[in-house]
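Notes follow the structure.
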Amino acid sequence: MSILQGHKALFIILSFLIALPLPATPEQDQAAFRKHYQEHFPNLKLSDYSNGVYAIDKIAKQSWLAIEEFPPYEAAIETGKKLFNTPFPNGKHYADCLPNKGIGIANLYPRWSKAKGEVITLAKAINDCRTRQKEAALPYDKGDMVNLLAYLAYTSRGKPIEAVIPEDDPRALAAYEQGKAFYYGRRGQLNFSCATCHIQNVGKKLRAEILSASLGHTNNWPTYRLKWGEIGGLHRRFAECLTNIKAQAYPEQNVEFRNLEYFLSYMGNGVPISGPNTRK
């Protein structure tokens, strides 16, 4: 190959690479995400999405407001408060492990841990605290963990979600991208993605239920679901969705679910915390 031919080939390769679309930044993802919902629901403000499907289903909202007169999750808040204030055998408290002594911080989770190289949810932070105090980790899907989360969410009500992707650690962006890929990836026998229901068909009915927007999907947990007859966490809902589309369901707080929560929380930045709450 002559020098001229080599230069020509190099020019073609460089031209092709330049023409390739650059991956969207998280900021661009967020802008597109919100634009989609603004076009579908022009009368809704960002804060309205804290009410989940009740922001777009007026009939269901009336029933929900009636239930909120005597919330079925109040006992969880009270139990969680007692657990939170009960010292460990060594005299330490949960407050000794968490930012701002654990009060009013639910909106700051999930957060990236540079030291651990992973996404830390509030539930994982609670169990990490217990481990440091030489206590056994709590099951994530029920009991004391859900009650503690209910109390901590309650102390954070009204605070806007503030998920941060640190620019000085590329692993944080990689975790976000993995959560994004999970959200848009099709899976299961039904070949559905999260976006199939909550982006493409948002506001439409699936059987008798109206499909909610993903904007603010992480803000109201833990939630007392009428379908469950008890209070449960966000990752339980993730697993249920996967089961419904006949896909593999992961254990709560595994890396896939934590990264998915990271992505969704970043999309929902600015939506006020409203947990614990009640949903269908």
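Taking Leu83 as the residue in question, decide whether it is at negative phi, open to solvent by less than 70 Å² (accessible area, probe 1.4 Å) and within 23 Å of the chain's Cα centre (by Cα). No: the conditions fail for Leu83. Of the residues making up region 5-20, not a single one is modelled with pLDDT of 90 or more and either open to solvent by less than 100 Å² (accessible area, probe 1.4 Å) or in a helix (DSSP H, G or I) (or both). Being touching a residue at least 40 places away in the same chain (Cβ under 8 Å), over 26 Å from Ala175 (Cα atoms) and open to solvent by 40 Å² or more (accessible area, probe 1.4 Å) is a description that does not apply to Glu118. If you go through region 171-206 and pick out every residue that is open to solvent by 60 Å² or more (accessible area, probe 1.4 Å), at pLDDT 95 or above, touching a strand residue (DSSP E or B) at 6+ places or on another chain (Cβ under 9 Å) and over 16 Å from Thr25 (Cα atoms), you end up with 1. Does region 95-105 include one or more residues that are over 21 Å from Leu152 (Cβ atoms) and modelled with pLDDT of 95 or more? Within region 95-105, not a single residue is over 21 Å from Leu152 (Cβ atoms) and modelled with pLDDT of 95 or more. Taking region 103-138 as the search range and keeping residues that are in contact with a strand residue (DSSP E or B) (Cβ under 7 Å, 6 or more places away or on another chain) and in a strand (DSSP E or B), which one is farthest from Pro272 (Cα to Cα)? Here the answer is Ser113. For region 109-144, the set of residues classified as aliphatic (A, V, I, L, M) and over 18 Å from the mean Cα position of the chain (by Cα) consists of Ala115, Ala136, Ala137, Leu138, listed by residue number.
Taking into account only those residues within region 50-63 that are touching a residue at least 60 places away in the same chain (Cβ under 8 Å) and in contact with a strand residue (DSSP E or B) (Cβ under 9 Å, 6 or more places away or on another chain), which is nearest to Asn269 (Cα to Cα)? Step by step, filter region 50-63, then rank; the result is Ser50.
Would you mention how many residues in region 123-159 are open to solvent by 50 Å² or more (accessible area, probe 1.4 Å) and not aliphatic (A, V, I, L, M)? Give the derivation first.
Within region 123-159, the subset open to solvent by 50 Å² or more (accessible area, probe 1.4 Å) is 131-132, 134-137, 139-142, 144, 154, 157-159.
Pick out the ones that are also not aliphatic (A, V, I, L, M) and you get 131-132, 134-135, 139-142, 144, 154, 157-159.
The qualifying residues number 13.
When region 228-272 is filtered for residues that are touching a helix residue (DSSP H, G or I) at 6+ places or on another chain (Cβ under 8 Å) and of a type in the set (Ser, Thr, Tyr), the ones remaining, listed by number, are Tyr250, Tyr262, Tyr266. Checked against (1) over 17 Å from Trp221 (Cβ atoms); (2) under 22 Å from the mean Cα position of the chain (by Cα); (3) surrounded by fewer than 20 Cβ atoms within 10 Å (Cβ to Cβ), Ser63 passes all but condition (2).
Within region 239-265, how many residues are at positive phi and open to solvent by less than 30 Å² (accessible area, probe 1.4 Å)? Number satisfying all stated conditions: 1.
If only residues of region 24-51 that are in contact with a helix residue (DSSP H, G or I) (Cβ under 9 Å, 6 or more places away or on another chain) and either modelled with pLDDT under 95 or more than 20 Å from Tyr184 (Cα to Cα) (or both) are counted, the one that is least open to solvent (accessible area, probe 1.4 Å) is Tyr49.
The values are calculated or read from the model by the stated rules, or taken from the named source; none is laboratory data. Predicted, not measured: the structure shown is a model, and the values here were computed from it. Positions of Cβ are backbone-derived with ideal geometry, glycine not excepted, and every protein chain shown enters the neighbour counts. Only protein heavy atoms, including side chains, enter the accessible area calculation; ligands, DNA and RNA are left aside. Shrake-Rupley method; radii C 1.70, N 1.55, O 1.52, S 1.80 Å.
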